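Q: One structure, as structure tokens, below. Some questions next.
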Amino acid sequence: MESPTGHSTIEHQRLTDAEVARLRADFPLLGRAMGGKPLVYLDSGATSQKPRCVLDSEQHYYERFNAAVHRGAHSLAVEATEVFEDARTTVSRFVGADTDELVWTSNATEALNLLAYSFSNASAGLGGPAAGRFALGPGDEIVVTELEHHANLIPWQELARRTGARLRYIPVDAHGALRLDLAEDIVGPRTRILAFAHVTNVLGTVLDVAALVALARRVGALTVLDACQSVPHLPVDVKALGVDFMAFSGHKMLGPTGIGALYGRRELLNAMPPFLTGGSMITTVTMESAEYLPAPARFEAGTQRVSQAVALATAADYLAEVGMDRIASWERNLGRRMADGLASIPGIRVLGPDRAERIGTAAIDVEGVHPHDVGQFLDSRGVAVRVGHHCAQPLHRALGVTASTRASTYLYTTEGDVDAFLDAVAGVRGFFGVGA
Ligand SMILES: Cc1ncc(COP(=O)(O)O)c(C=O)c1O
């Protein structure tokens, strides 16, 4: 595949304006106009745009390889299986995992539910003695944080309800900073699972993974990292982070929808009972019972999302070629530009702690104007942002708002995009006749 950056060696530590302009040409959708204005896409936290090579990759799979993977005895099926498994290797390497530690799911939500349902099955006695370490019951505790996306909250609420375990959470302060000072008392001998985000989808702040992993290790709890907003934007090495499980979505990292992944430490995955059962995940089946394949096949029942996995691998290659360090520093630069600009606009409150490490995301509250009105006004200027609670109602409640307006960047976002957003935000209150 041709180098997406147009040069084979990475010469610069940070992306330059010119490189970003070149990269943008790879993304057909970014050339669109909205309502006669150039599209300023600042909703990558919700879903990213896709480069041409990813779109081509999915189509190429169907044109060259499409067949049933892990099933057929014919040559085409063997090739399809190879392409599918190569994709797994590429994506697992991208996050520092081994190939057999990466389970395909349809998205991060499914990855987190897979875990919760597998633990629920273990709690019901499925999976034999090896699965006993995942069994929960009354007296056990699951700990999350108050800033989680609902995808990393509700599956744990349901698991607690099904097993009688107690769900606890590490709160945030009034600015949305995690109260790590309280975590030591909350994560205790009863804690069996500690599940938390790497980067918050609302504020863009980066959590102290090392501190949280250390707390969990001290009490022998399993750690689950929601890496939905980190894997696309930061270099992530899951082994260096030291978590037991990690979930992420393909569509937020230039890949197609319908594909995500669950990383799990090999020995854990192989001891866990399956969530979905059926074809492709068994060794022997009788009319009474079945024996299951080792991970990852044990968790991949039924026909898989092959073209999506292949295209996600292309996306991971693209990101790696640009360089995750360089993407992260570009987005930090955009984040600073956004924060500085917003600070100078009257009536705007930027949600989140002042001096926290952030990726290029800003959630704002515009005094006197409902976020949906803000969103519509920005849309009329061609600026696409997300409004609402961003699937994080508890965090918004803790911040004292019901909803916010979120702008989120990616490697293809220009400083001009950020300036267009700032310009539009500066016009909101005047347009609605609020403030001076
Ligand atoms: C932090 C975080 N976790 C989980 C999710 C859920 O991702 P998906 O809808 O792709 O399953 C999102 C999506 O916005 C997210 O930002």
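Q: Give the residue, chosen from A151, A67, A130, A87, that is in the same structural domain as P296 (by TED's automatic domain parsing), within 16 Å of the ligand (Cβ to nearest atom) and either not hydroxyl-bearing (S, T, Y) or not in a loop (DSSP other than H, G, I, E, B) (or both). Explain how you work it out, then say what you get.
A: On the way: A67 fails: within 16 Å of the ligand (Cβ to nearest atom); A130 fails: within 16 Å of the ligand (Cβ to nearest atom); A87 fails: within 16 Å of the ligand (Cβ to nearest atom).
Answer to the selection: A151.
Q: Could you tell me which numbered condition P138 fails, if it satisfies all but one of (1) within 14 Å of A197 (Cα to Cα); (2) touching a Lys or Arg at 6+ places or on another chain (Cβ under 9 Å)?
A: (1)
Q: Separate question: Would you please name the residue that is nearest to I142 (Cα to Cα), looking only at residues in the stretch 105-126 that are of a type in the set (G, A, S) and away from the ligand (no atom under 13 Å from the Cβ)?
A: Per the criteria, the residue is A116.
Rundown of residues vs (1) under 28 Å from S44 (Cβ atoms); (2) without any contact (Cβ under 8 Å) to a residue 24 or more places away in the chain; (3) among the acidic types (D, E), yes/no style:
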| position | (1), (2), (3) |
| --- | --- |
| L159 | no, no, no |
| I170 | yes, no, no |
| R179 | no, yes, no |
| G188 | no, no, no |
| T191 | no, no, no |
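Q: Another question, then. Could you count how many residues in the stretch 70-89 are out of contact with any helix residue (DSSP H, G or I) (no Cβ under 7 Å at 6 or more places or on another chain) and more than 24 Å from F248 (Cα to Cα)?
A: Of the residues in that region, 8 qualify.
Residue-wise test of (1) modelled with pLDDT of 95 or more; (2) within 16 Å of the ligand (Cβ to nearest atom); (3) part of a helix (DSSP H, G or I).
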site	(1), (2), (3)
H7	no, no, no
I10	no, no, no
Q13	no, no, no
A18	no, no, yes
L23	yes, no, yes
D26	yes, no, no
L29	yes, no, yes
T47	yes, yes, no
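Q: Return the pairs, sorted by first residue and then second, in which the second residue is surrounded by fewer than 17 Cβ atoms within 10 Å (Cβ to Cβ), the first residue lies in the stretch 57-68 and is modelled with pLDDT under 95, the beta carbons are less than 8 Å apart, and the residues are 6+ apart or on different chains.
A: Sorted first by the residue in the stretch 57-68, then by its partner, the pairs are A68/T303.
Q: Here is a further query. Of the residues D226, D244, which single one is within 17 Å of the chain's Cα centre (by Cα) and more than 16 Å from the ligand (Cβ to nearest atom)?
A: On the way: D226 fails: more than 16 Å from the ligand (Cβ to nearest atom).
Only one candidate passes the filter, namely D244.
Q: Please find, among A384, A392, the residue that is of a type outside the set (S, T, Y) and surrounded by fewer than 20 Cβ atoms within 10 Å (Cβ to Cβ).
A: A384
The values are calculated or read from the model by the stated rules, or taken from the named source; none is laboratory data. Only a predicted model underlies this, so the values are computations on that prediction, with no experimental measurement involved. Please note: Cβ atoms are built from the backbone with ideal geometry, for glycine as well, and neighbour counts cover all protein chains shown.
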